[in-house]
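Written out below as structure tokens is the structure these notes cover.
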Amino acid sequence: MKEPMWLEFARKHVGLSETPGKATTPIIQKWLLGLKAWWTDDETAWCGVFVAACVKEAGLSLPKHWYRARAWLDWGRPLAGPALGAVVVYERGGAGHVGFVVGMDERGRVMTLGGNQGNRVSIAPFDETRVLGFRWPADSLALAGFAPIPMLASNGQPVSSNEA
């Protein structure tokens, strides 16, 4: 069993951080240019940029407003629950946050690989009550053939509260 290609791309960037101040991390700037964004800095929320860059790298279509976390709720097809590699959209005030499901922890929290989680690409636990939806690409293979969703230890890590 293997992981979806977009998740393989995403994992390569775990640990990538924003550059403090006016400078921008080169790879984030490359994603912004490749996605034809009208901004080029990593001070603007970039969780949607990260997901879009990984999905695009896998050769899949993007939602019209890929830079908005909640726009991913209209992308692909809905899933009733988490699946390894699924796009997950969270409530965050009037805005949102988007990332990829990589597992569940011992407390039932969704372990999410995302960009702009504490100003970096990381895997963090999210409270399932914040989930607005799980999505799967309409133009990809069925869920069959991918590894099942793993149980991951969050090692006492608190639920994510910094996605800006």
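Every number in this text was worked out from the coordinates using simple rules, so none of it is lab data. Model, not experiment: these values are computed from the prediction. Cβ placement follows ideal geometry from the backbone for every residue including glycine, while neighbour counts extend to all protein chains displayed.
Restricting the stretch 2-41 to trypsin sites (Lys or Arg not before Pro) that sit in a DSSP loop and have at most 10 other Cβ atoms within 10 Å of their own Cβ leaves K22, K36. Backbone geometry of the stretch 7-17 corresponds, through the Karplus equation with coefficients 6.51, -1.76 and 1.60 at θ = phi - 60°, to 3J(HN,Hα) couplings of 6, 4, 4, 4, 4, 5, 10, 4, x, 4, 10 Hz, x marking Gly and Pro. Each listed q (0.14, 0.23 Å⁻¹) maps to a log10 I(q)/I(0) for the stretch 49-118 from the Debye sum over equal C-alpha point scatterers, namely -0.41, -1.11.
Using a cutoff of 8 angstrom between alpha carbon atoms and counting only pairs six or more residues apart, the relative contact order for the stretch 5-136 works out to 26 percent.
Chymotrypsin sites (Phe, Trp or Tyr not before Pro) within the stretch 1-92: which are DSSP loop residues with at most 11 other Cβ atoms inside 10 Å? Present the calculation step by step, with values, prior to reporting the outcome.
Working: sites: W6, F9, W31, W38, W39, W46, F50, W66, Y67, W72, W75, Y90; in loops: W38, W39, W46, W66, Y67, W75.
Listed in order of number, the matching sites are W38.
Each of I28, I123 has some number of other Cβ atoms within 10 Å of its Cβ, and from fewest to most they run I123, I28.
Among M104, M111, the ranking by other beta carbons within 10 Å of each residue's beta carbon, starting with the fewest, stands as M104, M111.
Hey, could you grab the Kirkwood Rh for the chain? Inverse mean 1/r over distinct alpha carbon pairs, Å, one decimal. Kindly include the intermediate steps, with their values, before the conclusion.
Working: mean 1/r = 0.0639 Å⁻¹.
Hydrodynamic radius (Kirkwood, Cα pairs) of the chain is 15.6 Å.
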